[in-house]
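K.L.:
To start, I am sharing the structure in question, which I have written as structure tokens.
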Amino acid sequence: MTMIDRFQITRFQFPRARVIGDSQVRSDWHYLAALELFSDDGHVGLGFFGALFFPLPPLSELERVFMAEQWPSLREQSPFALTNRVTRPRGGNIRASIFHQAIDQALWDLQGKALGLPLYRLLGGTDSRVRAYASGLDFHLPDHAFCQLFEDAVKRGFGAFKIKVGHPDLGWDLRRLALLSETVGSEATIMVDANEAWSPKEAIRRAHAYHQAGFHIYWIEDPCLRNDFAGLRRVIEAVPFSHINSGEYLDLHGKRRLMEERAVDILNVHGTISDTLQAARLAAEYGIPLSLGNTPFELGVHLAAALPEVVSMEYSFQDYDAVIAEPIQFVGGFAIAPDRPGHGLELSEVARVELARPHVET
């Protein structure tokens with residue numbers, strides 16, 4: 001039986017190839033870490049965690065906290081038992097952990113490797129390909145860099161594109177949509193993401209302005225506050241020509257409320273593999289399709305390939321390739337889940353040497 005017997009954390013810090021961000025935030029650096037869980041039968045499960053805006057603590061502190069708070073519940077345990085265990089969240093044990101997602105990814109990776117199965121097959125999928133869309137995270141890019149990013153995406157075979165909107169000036173949004181249309185062509189599928197920039201009334205005004213300007217928007221993502229269920233439903237009712245995509249910022253309880261209130265057309269899911277599976281089961285009950293948002297190193301491709309409700313997967317052209325030996329491949333507008341056991345990602349040995357940073361750098 002596969003049992004976990006040791007761990008290793010590798011801390012990375014390096015500048016992004018381009019600034020990313022939206023109407024609320026921006027990020028210029030990668031602050032990443034990898035968690036490896038080693039089993040007594042020779043397998044290694046890999047997961048990732050990080051921060052968007054500030055450096056992670058030094059490696060010594062990450063190891064200290066992991067050893068004190070996480071390792072006691074992982075040591076000499078089966079990854080199969082851990083992902084199936086029902087916990088009892090109450091009181092002081094309801095705490096966010098920076099390691100939560102990485103642990104979940106590593107446990108599922110170990111399971112796939114122990115069984116010799118690619119993760120998407122372990123999750124019930126049969127086809128390794130899933131349709132993907134090009135997402136710019138482009139709010140802070142100048143126009144020429146914005147156009148170049150999406151021109152490159154067209155050359156790589158993408159046919160669907162999402163841009164950031166939500167500028168205080170409606171004219172700015174309209175100009176970016178015009179630039180996108182000129183770059184990718186009028187037949188392309190276009191989505192926009194406001195990152196909660198608007199009130200429901202302003203979201204309705206913006207959606208109609210886009211439509212009247214001749215832009216056919218497939219979905220509007222997070223037009224207003226994540227838990228304004230009445231407001232989101234109001235937008236859905238007033239904007240019949242676009243879908244409303246939301247839910248990425250909500251926990252499972254919030255996603256259920258969102259669907260109960262019929263305040264979403266397409267549910268945005270990502271995060272831990274285990275939580276996403278639960279959200280997908282709920283969405284299936286409500287007959288609501290899914291979109292698979294950004295996941296570390298695109299390993300969410302396995303979820304996208306395994307869940308029949310997923311209409312598309314997000315790809316944001318982040319320079320993760322520098323850290324991974326064999327990154328997820330995107331061909332002709334499709335993401336391809338690796339057929340290697342587990343999620344199929346391994347750290348680059350070059351990156352371990354050249355990009356690993358045990359100490360905080362400023």
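The values are calculated or read from the model by the stated rules, or taken from the named source; none is laboratory data. Here the structure is a predicted model, which means the values were calculated and not measured. Glycine gets a Cβ as well: all are built from the backbone with ideal geometry, and neighbour counts include every protein chain shown.
K.L.:
Report, by residue number, each residue of the stretch 262-293 that is in a loop (DSSP other than H, G, I, E, B) and at pLDDT 95 or above. Write out each step before concluding.
P.N.:
Here is the first cut: in the stretch 262-293, the ones in a loop (DSSP other than H, G, I, E, B) are 262-265, 270-272, 287-289, 293.
ARG262, ALA263, VAL264, ASP265, GLY287, ILE288, PRO289, GLY293 - these are the residues of the stretch 262-293 that are in a loop (DSSP other than H, G, I, E, B) and at pLDDT 95 or above.
K.L.:
So LEU180 ticks every box in (1) surrounded by fewer than 18 Cβ atoms within 10 Å (Cβ to Cβ); (2) out of contact with any Asp or Glu (no Cβ under 8 Å at 6 or more places or on another chain) but one. Which box is left unticked?
P.N.:
Answer for LEU180: the failing condition is (1).
K.L.:
Residues in the stretch 310-328 that are under 16 Å from GLY159 (Cβ atoms) and not in a loop (DSSP other than H, G, I, E, B): how many?
P.N.:
Narrowing the stretch 310-328 to residues under 16 Å from GLY159 (Cβ atoms): 311-315, 317.
Still in the running and not in a loop (DSSP other than H, G, I, E, B): 311-315.
Residues that pass the stated criteria total 5.
K.L.:
Another question, if that's okay. Taking the options ALA207, ALA230, name whichever one is hydrophobic (A, V, I, L, M, F, W, C), out of contact with any Lys or Arg (no Cβ under 6 Å at 6 or more places or on another chain), farther than 26 Å from SER316 by Cβ and free of Cβ contacts under 8 Å to residues at least 60 places away in the same chain. Full working, then the answer.
P.N.:
Numbers: ALA207 fails: farther than 26 Å from SER316 by Cβ.
ALA230 is the lone residue from the list that is hydrophobic (A, V, I, L, M, F, W, C), out of contact with any Lys or Arg (no Cβ under 6 Å at 6 or more places or on another chain), farther than 26 Å from SER316 by Cβ and free of Cβ contacts under 8 Å to residues at least 60 places away in the same chain.
K.L.:
Let me ask something additional. If you check LEU62 against the conditions, is it outside the structural domain of PHE12 (by TED's automatic domain parsing), modelled with pLDDT of 95 or more and surrounded by 20 or more Cβ atoms within 10 Å (Cβ to Cβ)? Show your work before the answer.
P.N.:
Numbers: outside the structural domain of PHE12 (by TED's automatic domain parsing): no; modelled with pLDDT of 95 or more: yes; surrounded by 20 or more Cβ atoms within 10 Å (Cβ to Cβ): yes.
No: the conditions fail for LEU62.
K.L.:
Take the residues of the stretch 170-223 that are part of a helix (DSSP H, G or I) and polar (S, T, N, Q): which is farthest from VAL239 (Cα to Cα)?
P.N.:
Narrowing the stretch 170-223 to residues part of a helix (DSSP H, G or I): 170-184, 200-212.
Narrowing the set further to residues that are polar (S, T, N, Q) leaves 181, 183, 212.
Working: SER181: 21, THR183: 26, GLN212: 12 Å.
So the residue we want is THR183.
K.L.:
Also: Restricting attention to the stretch 11-47, which residues are within 16 Å of TRP71 (Cα to Cα) and assigned to a strand (DSSP E or B)? Give the derivation first.
P.N.:
Within the stretch 11-47, the first condition is being within 16 Å of TRP71 (Cα to Cα), and the residues that meet it are 34-40, 44-47.
Once the filter is applied, which keeps residues that are within 16 Å of TRP71 (Cα to Cα) and assigned to a strand (DSSP E or B), the stretch 11-47 yields ALA34, LEU35, GLU36, LEU37, PHE38, SER39, VAL44, GLY45, LEU46, GLY47.
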